[in-house]
1. When the residues of region B:18-68 are narrowed to those that are touching a Pro at 6+ places or on another chain (Cβ under 9 Å) and under 20 Å from B:Val95 (Cα atoms), which ends up farthest from DNA strand C (Cβ to nearest atom)?
2. Identify, from the list A:His121, A:His85, A:His29, the residue that is touching a residue at least 60 places away in the same chain (Cβ under 8 Å) and within 14 Å of chain B (Cβ to nearest Cβ).
3. In region B:108-118, is there at least one residue being at pLDDT 95 or above and either loosely packed, with under 13 Cβ neighbours inside 10 Å or more than 11 Å from every other protein chain (Cβ to nearest Cβ) (or both)?
4. For A:Val64, work out the one condition from (1) over 20 Å from A:Lys11 (Cα atoms); (2) under 17 Å from the mean Cα position of the chain (by Cα); (3) surrounded by 13 or more Cβ atoms within 10 Å (Cβ to Cβ) it doesn't fulfil.
5. Assuming A:His98 fulfils every condition listed in (1) surrounded by 15 or more Cβ atoms within 10 Å (Cβ to Cβ); (2) facing chain B (nearest Cβ under 9 Å); (3) within 29 Å of A:Asp17 (Cα to Cα) apart from one, which condition is it?
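The values are calculated or read from the model by the stated rules, or taken from the named source; none is laboratory data. All of these numbers come straight from a predicted model, not from anything done at the bench. Cβ sites come from the backbone with ideal geometry, for glycine too, and all protein chains shown count toward neighbours.
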Protein chains: 2
Amino acid sequence: MKGTKKNSDPKLTPQRDAVFQVIREREDHPTASDIFEAARRRLPGISYATVYNSLRYLKEAGLVREICFGDSASRYDRETERHDHAICDCCGKLVDFHLPETAALMQAAARKSKFKAQSVHLTLRGICPDCKESS
Amino acid sequence: MKGTKKNSDPKLTPQRDAVFQVIREREDHPTASDIFEAARRRLPGISYATVYNSLRYLKEAGLVREICFGDSASRYDRETERHDHAICDCCGKLVDFHLPETAALMQAAARKSKFKAQSVHLTLRGICPDCKESS
DNA sequence: ATCTAGATTTAGAATTAGTCTAAATCCACT
DNA sequence: AGTGGATTTAGACTAATTCTAAATCTAGAT
């Protein structure tokens, strides 16, 4: 798995790759600032702007996904397949889950809204298992 | 409809009421800054901070709803019943629609995520009718 | 009427996320 | 070595939102 096709795409620079690896290795949903911290451990000179540039590049290349909730900063997700999210109203934790039924509602939603559908996404708000317990 | 119960709740100050009326009269989804502009026409001295304070109060009182999409500023919505949103990937337009099937997925989502469900919300991303036409 | 305590409002400073800019660097090709 | 295009960097900048401290308002007790 070493030299597979490292340089076949000259656009995957060391900085972009560092950002990509940071996201791939985490199972949570880091913010740009989390990613900056972690990327700097691999590539000490990397700048904040480059992290944002890399995130945009990776997003456009379909390698990572951005998740936006108004609460605060965008999160980034290594999972690029369609899936849904639950957010804890108590501690803010964000978890992924896959509900196949959601996809089935895309056409109905398009009909109601008169939009041409591109993607659908279901968000559950509630209380996460940890917060349930400690209350 | 004049003195109905104007002062029955001392907490609905003139500022909060101005903010509330601004939201009620609009059928779109204004940002805090839109609301500030409009509220200032009613109450010229109102400050930005008070608009935010009022929005928080109204939200907590269940009189308006906040809609957050990462794109930029939060929007506020006079519709407090459960409903869904479509966002145009092209022009950013946000429209409401009601898809009864969404509510039915809440329990399934809670099961998958192990959260205690409080609300569900479906978001459709796509192209709005206007952008469809002009392309 | 007056006083006081608590809540609310105000203006502006502060914070935070994210973008922009211009100079420096890198890389592939001549 | 030399050029052009893309990328990276540091830091300035912007926009949204929150915080702070002083001023104001309000309701109830005197």
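1. Among those residues, the one meeting the criterion is B:Ile23.
2. Working: A:His121 fails: touching a residue at least 60 places away in the same chain (Cβ under 8 Å); A:His85 fails: touching a residue at least 60 places away in the same chain (Cβ under 8 Å).
Unique residue meeting the criteria: A:His29.
3. Yes, the conditions are met somewhere in region B:108-118.
4. It fails just one condition, (1).
5. Answer for A:His98: the failing condition is (1).
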